[in-house]
Amino acid sequence: MSPVAAAPPAFAVRGWCPGALRPMMSGDGLVVRVKPRLGRLTQDQAMGIARAALAHGSGVLDLTSRANLQIRGVRADAHPALIAELDMLGLVDASEAVEARRNITVTPFADEAVLRAAQVVENVLPILPPLPGKFGFAVDCAAQRVLTDVSADIRVESSDCGTLLVRADGMEKGWPTDEARLPDVIAILVKGFVALRGKEHDPGRIAQVSWALLCDGNPLFADLGSPSLAPGPAAQAPDPGLSLQGALVGFAFGQTDTATLAALATLGPIRLTPWRMVLVEGLTRMPDLPGLITDAADPLRRVVACTGAPGCPQGLAPTRPFARALAAAVPAGKSLHVSGCAKGCAHPGVAEVTLVASADGFHVISNGTARNASTLPVLTAQTFSNDHNLIRGLF
């Protein structure tokens, strides 16, 4: 079979993410996204989510790339009762508008100083002008940055000098500040971004216009001056294992169930992460529970897959059973992304090999994203399943 260039299959972009108050309908029911404050769940909150998700949904839970938790399979008539239970746990915002803009990812390795900075960011949100639905913040000012690959528009980090640093995504340097001035710096950056919207184009993310934020004569930055400091050192996303704060445990495809969440909650408070893992505070031994990934070498850590069909209405084929079957054939240190459509929700970035579902099979993309065109033949899931050397040969 000779290679045939193929454009990625069409997909629809909704432009917003689900919340608790504004859920999103999917193929398996409503998706209700819970945004724990500062990325933390008390033991009572985690157990309460598990009970509510089992009573009003399918019992399936997703971890998102912004350290939130999604309850899947919620029945439309059960949504009000679910919200009432989440509200009693302190996990519901005052309105859809407040919920939509509270997009803050906090490093799971935060100490009290980092948590104070994160609280400052949350407190400034109500005074900011309207922002695009996916606009977000990363608070990554612990001893070492770990959120560099996590989606965010404004990053609160630490500089090599030890000061707080506010940096627009896409810029190499940032503005030094302290807790007292942090709200002002964030507000000025946001105003600069908003001022650039609606002119030549309408950017949804700050990285699209970061080059223009510092154009000569921009009066918004008179009080800030030019960015002068580079952020401190960054680390790769951590592996499952023990840390000073507790035990990091992972889940295949970032999905778990209510029984597992409830069992983890008996062991300690939980910190959500953007890496398909949670950190259970205070543990000095790795928990021994079914369904957890506790070994950094587990082949399932090499594969990423979205919900796929039938759980996602845009999915053109099942993805996770297929990805699970291929995981052992992915070489160590490499990554395979299996996407139900060309939108690439589970992994917007580049993977060594990406398989994108279509009506005829899977498009194969090498060192690209799900939205790239393929120059290789379309292959069926059965073809891959019959010959694992085929997937090995793509790396």
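The values are calculated or read from the model by the stated rules, or taken from the named source; none is laboratory data. What you are looking at is a predicted structure, and each value in this text was computed from that prediction instead of being measured. Every residue, glycine as well, gets a Cβ built from its backbone with ideal geometry; the counts of neighbours run over all protein chains shown. Note: accessible area is taken over every heavy atom of the protein model, side chains too, but ligands, DNA and RNA are not part of it. Shrake-Rupley method; radii C 1.70, N 1.55, O 1.52, S 1.80 Å.
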Can you tell me which of Pro233, Pro203, Pro274, Pro240 is farther than 29 Å from Gln70 by Cβ and not aliphatic (A, V, I, L, M)?
-> Pro233
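So that you can scan it fast, the table gives a plain yes or no per residue for (1) out of contact with any helix residue (DSSP H, G or I) (no Cβ under 8 Å at 6 or more places or on another chain); (2) open to solvent by 30 Å² or more (accessible area, probe 1.4 Å); (3) within 23 Å of Met25 (Cβ to Cβ):
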{"site": "Pro274", "(1), (2), (3)": "yes, no, no"}
{"site": "Thr307", "(1), (2), (3)": "no, yes, yes"}
{"site": "Ala327", "(1), (2), (3)": "no, no, no"}
{"site": "Lys334", "(1), (2), (3)": "no, yes, no"}
{"site": "Asp360", "(1), (2), (3)": "yes, yes, no"}
Across the range 368-382, what is the number of residues that are among the polar types (S, T, N, Q), at pLDDT below 90 and either open to solvent by 60 Å² or more (accessible area, probe 1.4 Å) or touching a helix residue (DSSP H, G or I) at 6+ places or on another chain (Cβ under 7 Å) (or both)?
-> 2
Within the range 52-76, of all residues that are more than 15 Å from Ser26 (Cα to Cα) and part of a helix (DSSP H, G or I), the one nearest to the chain's Cα centre (by Cα) is Ala53
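Yes/no per residue for (1) aromatic (Phe, Trp, Tyr); (2) in contact with a Gly (Cβ under 9 Å, 6 or more places away or on another chain):
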{"site": "Leu147", "(1), (2)": "no, no"}
{"site": "Asp153", "(1), (2)": "no, yes"}
{"site": "Glu157", "(1), (2)": "no, yes"}
{"site": "Gly162", "(1), (2)": "no, yes"}
{"site": "Arg167", "(1), (2)": "no, yes"}
{"site": "Trp175", "(1), (2)": "yes, yes"}
{"site": "Leu182", "(1), (2)": "no, no"}
{"site": "Ala187", "(1), (2)": "no, no"}
Of (1) surrounded by fewer than 16 Cβ atoms within 10 Å (Cβ to Cβ); (2) under 26 Å from Lys134 (Cβ atoms); (3) at pLDDT 95 or above, Met88 satisfies all except one. Which?
-> (2)
Could you identify the single residue in Pro287, Pro313 that is within 17 Å of Ala46 (Cβ to Cβ) and part of a loop (DSSP other than H, G, I, E, B)?
-> Pro287
